[in-house]
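The values are calculated or read from the model by the stated rules, or taken from the named source; none is laboratory data. Not measured: the values here are computed from a predicted model. Using ideal geometry, Cβ is built from the backbone for each residue, glycine included, and neighbour counts are taken over all protein chains shown. Heavy atoms of the whole protein, side chains included, go into the accessibility calculation; ligands, DNA and RNA do not. Shrake-Rupley method; radii C 1.70, N 1.55, O 1.52, S 1.80 Å.
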Amino acid sequence: MSSVRKKVALQFLVSNLALLANFLLTIILARLLSPQDIGIFSMAAVLMAVAHVFRDFGVTTYIKREKELTATNLRNALGVLLATSWSVAIGMYLSAPYWANFFHEDGVTDVVRVLALGFVFIPFGAIPTAILSREMAVEKSAQVTAVSTSVYFIASIAFAANGFGPMTMAWANLINILASGLMARYVLSRPLPVLPSFSEIKAIIHFGAGNLITALLKAADNALPDVLLGRYMNASAVGLFSRANSTVNMVGTALHPTVNYFALPYLAKLHHANGPIASEYLRATSLINSLMLPSLAVIAVLAHDVVSVLYGNAWLGAVSSISWLCLAYAISSVFTLSAPALAGVGKPYASIAPQSLVLLGKILSAAILFDGTLASFAKAIAIGQMSSIPLYLWIHHRHLGLNWIDWARWTMPLVVHAAIVGLVGLGVRISLPPNISTWSAVVATSTFAAAAAITAYFILRLPISKELVGLTITLINSRKR
């Protein structure tokens, strides 16, 4: 456990340095590119996100979860990846004009075609990257992340500054795929199969199909705003909603790379070694949401200030949707470990039903509530997310041995904690002078909210309080040495 904590800490540091770089890049691009440019790329990126699901076909998840890896396993995995990735690349390239016609935006065509080229090269970096994650080789993964982040940062600014518009992120993405793939193979420092095989792909396909459907539903869920808003509003609305999503997901962007890196291989190894994982699932979920939920509460309070500070007044149209998106993200965050936990115990198909219900709930809610405003659309997203809660609880009981009473006993203190932090933040923000600068408002409110969060950890006796005590003791002892 001590070793895992050190790896988690290192991965968190690395991923957040990458986040900081991407965060700065987002701010810079918001001033170099227009909402129209961002919207056009977002429309194209929707297709890429869905295509990635078919391209991967659950192969990387299979590599992370499998008890033992052999050369034969890896050759078959490469065979599946090449077949799916190159098929997807051809399909994306040829369908680009139809996707542009769907959105009534000609600029989408070129963006999709450049993004399609990346799928030709992705398989060669996907396998070494999955192996690094499986082995929790954080130090080597950190080197890959450093190269990947640096290349994407520099390329994006160079393209944007030279007038590439919506093509900026497309070309930067292609260069990034090449650089990160080469770096992953380099740091793995051992030979990988060169020739693919299709002799024993049945197990991969069976496991991958469950992950494929689940990931496809998740991708469709993520794509829903861009598709519906792009179809029934315009590229500017897509760009504004994209910035609202980015604002709400700032903390998730900080935590999820670390969570995604460790969750599946760690829970799978725990399952292989000890069997039941319900108690560890609850503990890990509590740790994650002790950070996520109060942060979302503060973002909801500071929505106007944060958007103004980060992106400028041109993006204030995104503010109206942020509070509802915070609610949607909070519900999603409570179940963020469900899919990796189910995959870890060999039940990837179990995630299909709740993901389907989420998607259907959002579509139906949007059909009823959407009145042409971003706020009504965000409200529909939040209500649709709520619809999955009962089904998730039933699936947890059936496949993880976790009953809803235990789940509620661990989850309700997190909700209370987030409410306390949100109320403190709201009280501070309301009490500040009307003419205070947005920067000062954000700093003052966040400071008091952070103090309230830490205090409430101990009052409510959340598991994270023990982690904080252990971290403090470790830091004190290290200074004494």
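Annotations for the structure displayed:
- Taking the criterion of being closer than 19 Å to residue 28 by Cα, hydroxyl-bearing (Ser, Thr, Tyr) and in contact with a Leu (Cβ under 9 Å, 6 or more places away or on another chain), the residues of the stretch 129-162 that qualify are 149, 152, 156.
- Test: residue 319 is out of contact with any His (no Cβ under 9 Å at 6 or more places or on another chain) and not polar (S, T, N, Q): no
- Highlighted here are the helices (runs of 4 or more DSSP H) found entirely within the stretch 130-249 that include at least 3 residues which are within 29 Å of residue 65 (Cβ to Cβ), of a type outside the set (Asp, Glu) and touching a Phe, Trp or Tyr at 6+ places or on another chain (Cβ under 6 Å): 167-188, 202-232.
- Close contacts from the stretch 468-479, counting a first residue that is surrounded by 10 or more Cβ atoms within 10 Å (Cβ to Cβ) and a second that is modelled with pLDDT of 70 or more and of a type in the set (A, V, I, L, M), with Cβ to Cβ under 6 Å and a gap of 6+ residues or different chains, come to none at all.
- Scanning the stretch 9-59 for residues that are acidic (Asp, Glu) and modelled with pLDDT of 85 or more yields a single hit, 37.
- Any hit, the stretch 189-204, residues being at pLDDT below 80, surrounded by fewer than 19 Cβ atoms within 10 Å (Cβ to Cβ) and under 19 Å from the mean Cα position of the chain (by Cα): no
- Only one entry in 282, 240, 337, 287 is at pLDDT 80 or above and more than 23 Å from residue 417 (Cα to Cα), namely 240.
- Among the residues making up the stretch 407-439, a single one is part of a loop (DSSP other than H, G, I, E, B) and either at pLDDT 95 or above or of a type in the set (Val, Ile, Thr) (or both): 436.
- Pairs where the first residue, in the stretch 443-458, is open to solvent by 40 Å² or more (accessible area, probe 1.4 Å) and the second is hydroxyl-bearing (Ser, Thr, Tyr), C-beta under 9 Å, 6+ apart: 454/465; 458/465
- The stretch 418-464 - residue that is touching a Ser or Thr at 6+ places or on another chain (Cβ under 7 Å) and not polar (S, T, N, Q) and, of those, nearest to residue 283 (Cα to Cα): 463
- For the stretch 138-167, the candidate set comprises residues that are in contact (Cβ under 8 Å) with a residue 24 or more places away in the chain and of a type in the set (S, T, N, Q); within that set, the residue that is most open to solvent (accessible area, probe 1.4 Å) is 143.
- Residue list for the stretch 376-416, filter: surrounded by 15 or more Cβ atoms within 10 Å (Cβ to Cβ) and of a type in the set (Gly, Ala, Ser): 376, 378, 380, 382, 384, 387, 388, 401
- Pairs where the first residue, in the stretch 299-312, is crowded, with 22+ Cβ neighbours inside 10 Å and the second is not in a helix (DSSP H, G or I), C-beta under 7 Å, 6+ apart: none
- Of the residues in the stretch 237-253, at least one is touching a Gly at 6+ places or on another chain (Cβ under 6 Å) and open to solvent by 20 Å² or more (accessible area, probe 1.4 Å).
- Cβ pairs under 9 Å, 6+ apart, first in the stretch 207-228 and within 13 Å of residue 366 (Cβ to Cβ) and open to solvent by 30 Å² or more (accessible area, probe 1.4 Å), second modelled with pLDDT of 75 or more and outside any helix (DSSP H, G or I): 228/370
- Failed criterion for residue 170 (all others in (1) within 30 Å of residue 36 (Cα to Cα); (2) touching a Leu at 6+ places or on another chain (Cβ under 7 Å); (3) open to solvent by 20 Å² or more (accessible area, probe 1.4 Å) hold): (3)
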